[in-house]
Amino acid sequence: MRWLTVLLGAAILAAIAAVVVVLPDNRPTAVDTPSTPSASQAKSLPQPTTKEYTDDCGTFELQGVKKYAITGYWITPSSNPCTWRHQLEEIHQAGGDTVIRIGYGLQYRTVTDGRILTKDGEVDPRYTDCEDCWNQAEQDLKAANPGNRIGRTYVYRTDEHFGPGLFRCPGMERTIEAGKRVYYRLITAPDGSDDSTCDFSGKAGTYDLILIAAAAEDSLEKLLELGDTFGVQVFPSLPVAPRDPKASTRANPEHLGTLTTLTRRLMQDYGARFKDRASLGGFYQPFELQMGATLVNNPTLQVYAEQHDIVEQELPGKPILVSPYLDARKRVPFGQTPKQVAEGFRALAKSGVGIIAPQDSRGTGKVGLFWPDQRDDEVDKRLQPLVGVTTYGTAYHGSTRDYYREMSVVRDQLVDEGYEVELWANVESFEPSATQPCQPQGSRGKTDKARLDAAIAMTGRYVQKVVSYMWSDFFTCGEPALKDEVAGDVDRPIAVDAIRTSSGPARTASRFAVTTSTAARSR
């Protein structure tokens, strides 16, 4: 961990305090050290081997890095290959070493006359180029045994392209090239098992059809190549589970078997092609949950555990990253206290998660950035659309700092119990609303570097790494763009803590905190 230097002897209000500051290439002293690192932090990152990189998209600089405390960023899929190159160059120049990909979901669909319908009952144009795919699949099943049939149909869209590792039974499963897309037809058992005999002719059965609409070129291969070039690890997304129609915040266990099969097939293919790639850092579990005590009995964790077991079996050592959100608001029935959130952290870790990066939720207004002596201060005006004109103490059960401190305590206990789990902070790089939103859909707007620095100050004491949702749009929108604000003020240090110490007979102390920026890495 290249962060947190403890400076002793700062006299504040006639007292002595130790100030913990985020600075590059330093380690904390033994004084009140933060949450301990785990073994996975020692893994080597890919390193750029040249000064610059040139291709059809231009020439990209691989040196001149200005290190900021945030070292990982979410990015969205892009159909333009040059977009990712520019994004990874910018992230690399900001000192980033991690990118996390937004992904796609497995969806259950109804079928009429062999045509796959949308949720609204219309013919899905994404699958019209493959309109005979469903009928042909059932014909092939019945040719093997007249009693065979397709029971359920699922679709999965992606901008990836897969290898032969995707198929368990090549005689029944196949690649179908149609139009500009490549489709993959998987025939699977509803319970999630994969019969190695591929015997479709013996006993008649009811099967699930998974139809994947994919791309002619593999976006993940390209992204991993860029990761190797720019010295960045990539966390691809796992397929998102179908949602429970009665409770959309939960995964639907009814489709767990099919989701398990799809996850297994993807991981088998990744293992065959990418197992030894240094740029493959792990996998992102994108099904979003609220962090809280309710996770202890949440059926979504069953879905988590099944997917995470598959990853461990097929790609051991590649951790799962999850990023649940916090909600500290007192005036909503689902707001959670820091202790309740810590219980949720424990439940998540026991589902096989290796990295838990809770959203700090300041960008959505669900948690506030404030110190203990600011509880009676009026909330930031940018938060008032969410909590009203009120004080921090009235609006929230605790501050961002309170939540990460409690989670870090549980994390250390879990490490002592033998769990390999890290606590990262996902600092949201946007505001709840703005007159000029950063995305075509939605109201989230641009934030500023001072607010990001304040969030780092609140979380940096207790985490192994700081990441941010997200680079695409939020760091690049507005004038000046947030990325330019960071680059222009990157050398300013951030004090993340002050440790109370005694001085002579007075034995008094005071809190000291600076919420400005830094040239730092948390890993």
At a Förster radius of 45 Å, what calculated FRET efficiency corresponds to the Cβ-Cβ distance of T83 and A305, to the nearest 0.05?
0.80
Can you give the charge dipole size of the range 282-372 about its Cα centre, rounded to the nearest 20 debye, using +1 on the beta carbon of Lys and Arg and -1 on the beta carbon of Asp and Glu?
580 debye
Spin-label pair T249/L117, simplified geometry with 7 Å Cα→Cβ offset, distance in nm
3.1 nm
Choose one of A144, W74, L369: the residue whose Cα lies farthest towards the positive end of the charge dipole of the chain (beta-carbon charges +1 Lys, Arg; -1 Asp, Glu; about the Cα centre).
L369
Just checking my list (i) 71, 61, 46; (ii) 68, 57, 46; (iii) 91, 53, 48 against Cα extents along the principal axes in Å computed from this structure; which label fits?
(iii)
Under a crude label model (7 Å from the Cα following the beta-carbon direction), how far is K350 from S433 in nanometres?
4.1 nm
Please arrange E138, E422 by accessible surface area, largest first, computed with a 1.4 Å probe and ligands excluded.
E138, E422
Ignoring ligands, DNA and RNA, what accessible area per residue does the chain give at 1.4 Å, in Å²?
41 Å²
Heavy atoms only, probe 1.4 Å: what % of the accessible area of the range 164-308 goes to carbon and sulfur, would you let me know?
47 percent
Once you place label points 7 Å from the Cα toward the Cβ at E52 and D484, how far apart are they in nm?
2.2 nm
Can you list the residues, at least 5 places off or on another chain, whose amide H is less than 5 Å from the amide H of G205, using H built in the peptide plane?
N148, R149
Computed over the chain: longest principal axis from alpha-carbon atoms vs helix 256-274 long axis, angle to nearest 10 degrees, is 80 degrees
Would you compute, from DSSP H runs of 4+ residues alone, the mean residue ellipticity of the chain at 222 nm, taking -39500 (n - 2.57) per run and dividing by the full residue count, rounded to the nearest 500?
-7500 deg cm²/dmol
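The values are calculated or read from the model by the stated rules, or taken from the named source; none is laboratory data. Given the structure is predicted, the values throughout are model-derived calculations rather than measurements. Cβ coordinates were reconstructed from backbone atoms using ideal geometry, including for glycine residues, and neighbour counts include every protein chain displayed. These area figures cover heavy atoms from the full protein model, side chains too; ligands, DNA and RNA do not enter into them. Shrake-Rupley method; radii C 1.70, N 1.55, O 1.52, S 1.80 Å.
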